[in-house]
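Undergrad: Take a look at this one; I'll ask things after.
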Amino acid sequence: MHVKDGHTLKVYRDHGGYKALEKALKMAPADVIDEVKKSALRGRGGAGFPTGMKWSFVPKDSPKVKYVVCNADESEPGTFKDRYLMERDPHALLEGMIIAGWALGSTTGFIYTRGEYKYLIDVMDVAIAEAREAGLLGKNILGSGLDMDIHTHTGAGAYICGEETALLSSLEGHRGHPRLKPPFPAVEGVYASPTVVNNVETLTAVPQIINMGGEAWQKLGTEKSGGTKLWSVSGHVNKPGVYELPMGYADMEKFIMEDCGGIRGGKKLKACIPGGSSVYIMNAGQIVGKNVPMDYEGLVAAGSSVGSGGFIVMDETVDIVESTKNLTEFYKHESCGWCTPCREGTDWLVKIFNRISEGSGRPEDAQLMLDICDNIEGKSFCPLGDAAAWPIQSAIKQFPDDFKKWLVDKTASNGVTANI
Amino acid sequence: MAAATPTSYTDKILVSDEVAEFSAAVVEEMKMHVAKYPAERSRSALIPLLFVIQRERGWVDNPGVNFLAKFLNLEVTDVWETATFYSMFNMRPVGRHHIQICKTLSCKIMGEPEITDHICSKLGIHPGETTEDGKYTVTMVECLGSCGTAPMMQIGFDYHEDLTTEKVDKILEACK
């Protein structure tokens, strides 16, 4: 990712760029899908669904135009890896999308990017123009018979549009409301046509998979979690940034304390959210000395999950009630309002947090919040409701003293009583 | 604090029949956006075109929305229902420099409150307000995807990251 001028077609090609496309175009589309299946690549947007399986759901005999949609909405707190991929390696994304187009019989791709990333849309537009000029997009790509074009599309500030069906609603020019599944987008996606929606990191991995072969790529990681993964690290570490690690890297403590330079100012680790804000928060006791492997299975066993790979590291100065309140405000703001449990539930939760911050919390408020979360989790129209509930459920479970301090003593664990 | 204008959602939508006019170059740009989508799916261009309206008019106003409705062959309410969903569309005029400060967790724990206080006291406004001279608007926003370089703010479309109060002073100075 740090190659000088790596965003240009020339430098990308000088480093072997578009060789995977040449190779893929000589393979049968079904064989390309097989390689992706063998790679054990799981979607890097958060849900972790096996990519090859998702591709195989697209009906081969559909007479409709098929679409490849790149989810570049990246709005999960703590997550900023896709930014770096698009900024420094835009042609890898395009190459992955064109290979996906060949595998799926698609003629059109869209890159749906959050509106705030305007500078990245400009980078992608330049890369697309370069690719068109070089015959890598357009009619009869590299003489293969594949006709495909890719366009950028701009979102406008709505986290929910990272949910694949809400993204499709937005791509059609509507409010970003999620859609009922089934039908899944692979069968009825944008314009009711077969559509594969993949994250930037997922699609960018595809050229590597084709170059190396699916099995070799899988072996970079673990049996069920193939390849490498980008982790974006923020918060109280000495070296925040984006790190690429093999799936199954052991262990999470070493990653935070050594690779990321340890906790800033020599303070103690208090908490870490390892997968973006919508996974369970972990306390230091779940991490230190536990040899937690950084992959889907390892993090679930340790009490959290991979999600989007957005590590938010918090030191001992952070009050978990205040930090959880901050995330709940995020989910309240970003709830699309489509369904009642999420819309009303997140609003109610913020009201309780406000009451607590003002020193008027009641001992029974923790249980009340858990009850509200129970009425959101699994009962909202889309996963945003679950994402709102999980930080609160895990915070109350893993940091009971912080809640007790507020609810009984009316003060924050860090001695600060002002609102975060 | 100086008198200031709130920038929350307008209470004056759908009250004007005026239709905005745009130069041939802007209309051409709009047509280029529409051309990305299948012919019968021009509504897909609505969000990109709302950005054009906002850039040209300063905000998403009635005449601009009326123009878009005609341009895309939609009802005016179709345009409003989409525009009002997305936080990047300003339903009131904002300052020439729209300062959007990220308030979400990573920025919050890395010093956002101090940055916000510094900016607001320098400009003499509260978050959500515009300075009397119409130069600056400060808005608190949710995660902008710069968590590793927190705290951060966006002015217009430019990201400013790893902020300190000294850095903020220089950035605001450059805005003048």
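Undergrad: Select from the range A:1-64 those trypsin sites (Lys or Arg not before Pro) which occupy a DSSP coil region and have at most 14 other Cβ atoms within 10 Å, ordered by residue number.
TA: When the trypsin sites (Lys or Arg not before Pro) of the range A:1-64 are filtered for loop state and at most 14 Cβ neighbours within 10 Å, A:K4, A:K26, A:K60, A:K64 remain.
Undergrad: Here is the link list: A:K4/B:K108; B:K103/B:K135; A:K332/B:K103; A:K351/A:K410. Which ones come out longer than 24 Å on Cα distance?
TA: Going by Cα-Cα distance, A:K4/B:K108 fall outside the 24 Å limit.
Undergrad: Ok, one more. Apply the a/c threshold of 1.5 to the C-alpha gyration tensor of the range A:130-235 and tell me whether it is rounded, prolate or oblate.
TA: Since a/c reaches 1.5 but b/c is at least a/b, the shape of the range A:130-235 is classed as oblate.
Undergrad: Enter the accessible area of A:T8 (Å², nearest 10), with the probe set to 1.4 Å and all protein chains included.
TA: My reading of the accessible area for A:T8 is about 30 Å².
Undergrad: Once you order the gyration tensor axes a ≥ b ≥ c over the Cα atoms, which shape class does the range A:305-349 get: rounded for a/c under 1.5, otherwise prolate or oblate by comparing a/b with b/c?
TA: Taking the square roots of the gyration eigenvalues as a ≥ b ≥ c, the range A:305-349 is oblate.
Undergrad: Using a ≥ b ≥ c from the Cα gyration tensor of the range A:215-356 (square roots of the eigenvalues), is it rounded, prolate or oblate, where a/c under 1.5 gives rounded and otherwise the larger of a/b and b/c decides, a/b for prolate?
TA: It comes out oblate by the Cα gyration axes.
Undergrad: Of all trypsin sites (Lys or Arg not before Pro) in the range A:108-151, which ones are in loop regions per DSSP and have a Cβ with at most 11 other Cβ atoms within 10 Å?
TA: Here the sparse-neighbourhood loop sites are A:K139.
Undergrad: Once you have the alpha carbon radius of gyration of the protein assembly as shown, what is it after dividing by 2.2 N^0.38 Å, with N set to its residue count?
TA: Relative to the 2.2 N^0.38 Å estimate, the protein assembly as shown comes out at 0.95.
Undergrad: Mind pulling the angle between the C-alpha long axis of helix A:384-398 and the longest principal axis of chain A? Nearest 10 degrees, somewhere in 0 to 90.
TA: With rounding to tens, the tilt is 40 degrees.
Undergrad: Report Rg (one decimal) and Dmax (nearest whole number) for the range A:193-292, counting Cα atoms only, units Å.
TA: Cα-based Rg and Dmax for the range A:193-292 come out at 15.9, 54 Å.
Undergrad: To the nearest 100 Å², how much accessible surface do chains B and A hide from each other in total, with a 1.4 Å probe?
TA: Its buried surface, counting both partners, is about 3700 Å².
Undergrad: What residue among A:Y249, A:V197, A:G276 has its Cα farthest toward the positive end of the dipole of the protein assembly as shown, where the charges are +1 on Lys, Arg and -1 on Asp, Glu, each on the Cβ?
TA: Result: A:Y249, furthest along the dipole toward the positive end.
Undergrad: When N counts the residues of the range A:1-109, how does its alpha-carbon radius of gyration compare numerically with 2.2 N^0.38 Å, as a ratio?
TA: Scaled against compact globular proteins, the figure is 1.13.
Undergrad: Could you point to the residue in A:Y296, A:Y117, A:C70 farthest towards the positive end of the protein assembly as shown's charge dipole, with +1 and -1 charges on the Cβ of Lys/Arg and Asp/Glu respectively?
TA: Sorting the options by dipole projection puts first A:Y296.
Undergrad: Right, something else. Using the alpha carbons of chain B, what is the convex hull volume per residue in cubic angstrom, as a whole number?
TA: Here the figure is 132 Å³ per residue.
Undergrad: Rounded to the nearest 20 debye, what is the charge dipole size of the range A:349-420 about its Cα centre when +1 sits on each Lys and Arg Cβ and -1 on each Asp and Glu Cβ?
TA: Dipole about the Cα centre, nearest 20: 160 debye.
Undergrad: Magnitude of the Cβ-charge dipole of the range A:34-154, K/R +1 and D/E -1, about the Cα centre, nearest 20 debye?
TA: Approximately 460 debye in magnitude.
Undergrad: Right, next: What cysteines in chain B have no other cysteine with a beta carbon less than 4.7 Å from their beta carbon?
TA: Lone cysteines by the Cβ rule: B:C120, B:C143, B:C147, B:C175.
Undergrad: Also, I was wondering about something else. Can you work out ³J(HN,Hα) from phi for every residue in the range A:84-91, in order, using Karplus 6.51 cos²θ - 1.76 cosθ + 1.60 and θ = phi - 60°, giving whole Hz and x for Gly and Pro?
TA: 5, 4, 5, 5, 9, 9, x, 6
Undergrad: If you filter the range B:35-78 for GluC sites (Glu not before Pro), then keep DSSP loop positions with at most 14 other Cβ within 10 Å, what is left?
TA: Those that pass, being in a loop and sparsely packed, are B:E75.
The values are calculated or read from the model by the stated rules, or taken from the named source; none is laboratory data. No experiment lies behind these values; they were computed from the predicted model shown. Positions of Cβ are generated from backbone atoms using ideal geometry, with glycine treated the same way; all protein chains shown enter the neighbour counts. For accessibility, only protein heavy atoms count, side chains too; no ligands or nucleic acids. Shrake-Rupley method; radii C 1.70, N 1.55, O 1.52, S 1.80 Å.
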